[in-house]
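These notes are about the structure you will find just below.
The values are calculated or read from the model by the stated rules, or taken from the named source; none is laboratory data. Keep in mind it's a predicted model, so treat the numbers as computed, not measured. Please note: Cβ atoms are built from the backbone with ideal geometry, for glycine as well, and neighbour counts cover all protein chains shown.
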Amino acid sequence: MLGEILGSLITLIIQSLSADSQDQQTVASRCLGECVRKMPDRVLPDLVPRFMEDLEDEDDTVRQGVCMGLGQVIEHAGRGYIDLYLESFIPAVQMALCDSSTEVRASAAKAFGTLHRSAGPTVIETIIPSMLESLEGDEEAESSLAGLREILSQRGGAVLNFVVPYLIESPIEPSRARALASLCEVAGAALHHHLDEIVPSLIEEIFDEDGEIEQHIADAGKAVMVAVQADGLEDLLPMLLQGIQGNGDDRRAYATLLGYCCANNTADLEDHETALIQHLMPLLAEEDADLMKAGWTALMATTKRVPKERMAPHIPVLRMELKALIAARRYCEDRLVPGFCQPKGIDVIYPLLQEGLLTGSPDTVREQAALGIGELIETTSPAHLKPFVPKITGPLIRIIGDRFPWQVKAAILSTLTLLIYKSGIVMKPFMPQLQTTFVKNLSDPTPTVRGRAIAALEALMTLDIKRMEPLVTELHNGVRANEGGIRDTMLQALCSVLAKGGDTLKPELIMALGSTMVELFDDRGAGVRLSACKVFGVYSRFATEEDLWNVLDMAILQPGPSEEARQGQMAALKGIAENSNGRPAVDDKREEIIEHISSYMQSTEKLDVQSMAISAAASFVMMGDEEDVTVRRLLQLLVDVMQSGPNESRTAAAEQLKRCCRTSRVHIDKNLDLLLPVMLKVVESKTYAIKHASQRALVHILAVHTNPQVVQNYTGPEAAAVKDQAATLVKLGADSEAED
């Protein structure tokens, strides 16, 4: 009876297995399983051929039902029956795995998994190689690949052991590269166990002999990088980071894959961000443009993924790496970092630095961010910095205007100074804001901030400022309204501004400035006093002849009532020599000037006054033209001090003579007969400071390192002694500018 209805029952079961109703499928599966389990000898001989026949049915639903039934048969048949029918099961499963229908392939993959569990490795060893070979064909490639994807989703680990070696065998053909890319998508965590095989193979072939990218390998590399899950990154990223270190030819390939990973993998990179920044930033300094760009791309992909709340904590490592970049480029002519000198170059790290500046906590993070922005500016070319100038300037002005510690303000002022010098006229739209900011910080209680504000204002003066009067007036008022260190700062800033644009000021304002400076000649603070004299020196450039003559006559060439006033008078004369020597008013008073300087160089004066008088005398020597007959009298004053002055004054005179040699060689050569007899005696002094200063002065007077003819041509009575002394001095070596 059962035999009569068995055929109809199997047909009904197959139809029910492919029905839309899950209840029907469940009942049909149980029914078929029971039939196979209880009557394998009666069912299997008829069922297996029927399955093979129905797998070629045109109806997708029928083929899907066959695959579901095949899985039930394999699951409920005993091991002996599986071995008996294995040669039929394997072709059936393989055929179904390559079916054109997605639903059929999915059911076939389940049957494959069941068969593998029951029959063991033989299933994989038989089916997989055949499917891999089909990948090379045109007709079956797509269906075979689709079948392999289904298998991997079921039995990834075991299947990959066969698939990976085949797909990565060198050379990797485009068809196999596409298969690798496709299969990685469904491999899951099983892929992680094969990264140490896959990655080196991709690295070896991703670029051709000419350095051009092999696109099919690149596509496969992207797919692999995307497919790696979060726990797999623990192995993948160290492998890639290690690869970009050293001097290997494959560093670019490793950086390229790393860029694919950071740009496309969706796993959270929080635990790896620091290591990525530390390893990728050095590549920005590479001379190899391809390697540098690969590193920049990978770093850009990394930093773009850092959320705002995680940006500021990276500031310390960014500063460390920026310093390393600067050190790496210190011997290069322009000291620029190639990675920053390309379109959008600094965008690779600037957003992190900006966020650190705006939101960093504690405030030391803001300071470090501001300094880091300065280092970024320093190592970027003006052309590639230009598009970012508004984006950089705005936040800096905003933060310095808030109540942050002086360290933050000082760092921002330094960075703004660098930005002005590097960007030039591009900064002009920000001049009103910058000027207000810098002048405000001249009154800061911290000397460091005030000093940086002066430097920033000096940088701002390099731009084209047409309306100087409001700024000079503001600084002048600041000088009169403040005292001590802030007044000194205002004076230093005023000196810089006046030197830049004094010729545009009204005579009334120039006269007012001169009057204020004269009042400060005897200020009790040495810093204020000397700064006021420097401003006065610049003032003398722009004052009218009448005003300058009157100030000389009534304020400077009169006996000073105090030590401070006398030092101030000499400092003012030094400023006049450096700024206005040769003006009619100065020439008219030259004799009185020399007498006044001479009177203050006497040993009865305080050392501060003497030293400043010596410096003033030297300045008039240096600024005198070749026909200036007063130069010899001034040199005589210096020589007299060298002979009989206090030790400190003798040392100061020797240092000023050296200074004269560097800028007024013609006067020195004309007066060797005056200088050498005294210098040869003083150089034998037992006092170290005098002896050392005299030796350094003689090195320059005799030009022993630059012009041996000076010694050879000297014919005075001391000629022999001069030659002996020169032979000794030449061993000392030439001094540096640092000695000044």
Count of the stretch 581-607 residues which are of a type in the set (Gly, Ala, Ser) and either crowded, with 20+ Cβ neighbours inside 10 Å or modelled with pLDDT of 90 or more (or both): 3
Residue within the stretch 474-483 that is part of a helix (DSSP H, G or I) and under 30 Å from the mean Cα position of the chain (by Cα) present: no
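Can you tell which of Ala324, Ala298 is surrounded by 16 or more Cβ atoms within 10 Å (Cβ to Cβ) and either under 30 Å from Ala253 (Cα atoms) or modelled with pLDDT of 95 or more (or both)?
Going through Ala324, Ala298 in turn, the sole match is Ala298.
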Single unsatisfied condition, Arg176 versus (1) farther than 16 Å from Val224 by Cβ; (2) of a type in the set (Lys, Arg); (3) touching a residue at least 40 places away in the same chain (Cβ under 8 Å): (1)
Qualifying residue in the stretch 484-501 (condition: more than 16 Å from Cys533 (Cα to Cα) and part of a loop (DSSP other than H, G, I, E, B)): no
Residue satisfying all of: in the stretch 560-580; small (Gly, Ala, Ser) and assigned to a helix (DSSP H, G or I); modelled with the lowest pLDDT among these: Ser580
Pairs, first farther than 15 Å from Leu240 by Cα in the stretch 254-271, second among the basic types (Lys, Arg), C-beta under 7 Å, six or more apart: Asn264/Lys222; Glu270/Arg310
Qualifying helices (runs of 4 or more DSSP H) (wholly inside the stretch 630-680; at least 1 residues being buried (at least 21 other Cβ atoms within 10 Å of the Cβ) and in contact with a Gly (Cβ under 6 Å, 6 or more places away or on another chain)): 630-644
Residues of the stretch 98-126 satisfying the condition of being over 55 Å from the mean Cα position of the chain (by Cα) and among the aliphatic types (A, V, I, L, M): Val104, Ala108, Ala111, Leu115, Ala119, Val123
Residue in the stretch 610-627 that is surrounded by fewer than 20 Cβ atoms within 10 Å (Cβ to Cβ), under 26 Å from Arg662 (Cα atoms) and without any contact (Cβ under 8 Å) to a residue 12 or more places away in the chain present: yes
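How many of the residues in the stretch 598-629 are β-branched (Val, Ile, Thr) and either under 49 Å from the mean Cα position of the chain (by Cα) or closer than 11 Å to His667 by Cα (or both)?
So the count comes out to 3.
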Test: residue in the stretch 24-32 that is charged (D, E, K, R), closer than 30 Å to Leu132 by Cβ and surrounded by fewer than 16 Cβ atoms within 10 Å (Cβ to Cβ): no
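Does Glu185 qualify as being of a type in the set (Asp, Glu), in contact (Cβ under 8 Å) with a residue 24 or more places away in the chain, assigned to a helix (DSSP H, G or I) and out of contact with any Ser or Thr (no Cβ under 8 Å at 6 or more places or on another chain)?
yes
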Residue match in the stretch 474-485 (condition: surrounded by 14 or more Cβ atoms within 10 Å (Cβ to Cβ) and in contact with a Pro (Cβ under 8 Å, 6 or more places away or on another chain)): yes
Residue match in the stretch 303-318 (condition: in contact with a Cys (Cβ under 8 Å, 6 or more places away or on another chain) and under 22 Å from Ala255 (Cα atoms)): yes
Leu471 being out of contact with any Pro (no Cβ under 8 Å at 6 or more places or on another chain), modelled with pLDDT under 95 and either more than 22 Å from Gln569 (Cβ to Cβ) or outside any helix (DSSP H, G or I) (or both): yes
Residues satisfying the stated conditions in the stretch 552-583, i.e. farther than 21 Å from Ala526 by Cα and out of contact with any helix residue (DSSP H, G or I) (no Cβ under 6 Å at 6 or more places or on another chain): Leu552, Asp553, Met554, Gly582, Arg583
Any pair with Cβ under 8 angstrom, 6 or more apart, that starts in the stretch 540-555 at a residue that is surrounded by fewer than 22 Cβ atoms within 10 Å (Cβ to Cβ) and ends at one that is of a type in the set (Lys, Arg): Glu545/Arg583; Trp549/Lys589; Asp553/Lys589
Some residue of the stretch 455-464 being under 35 Å from the mean Cα position of the chain (by Cα), outside any helix (DSSP H, G or I) and surrounded by 15 or more Cβ atoms within 10 Å (Cβ to Cβ): yes
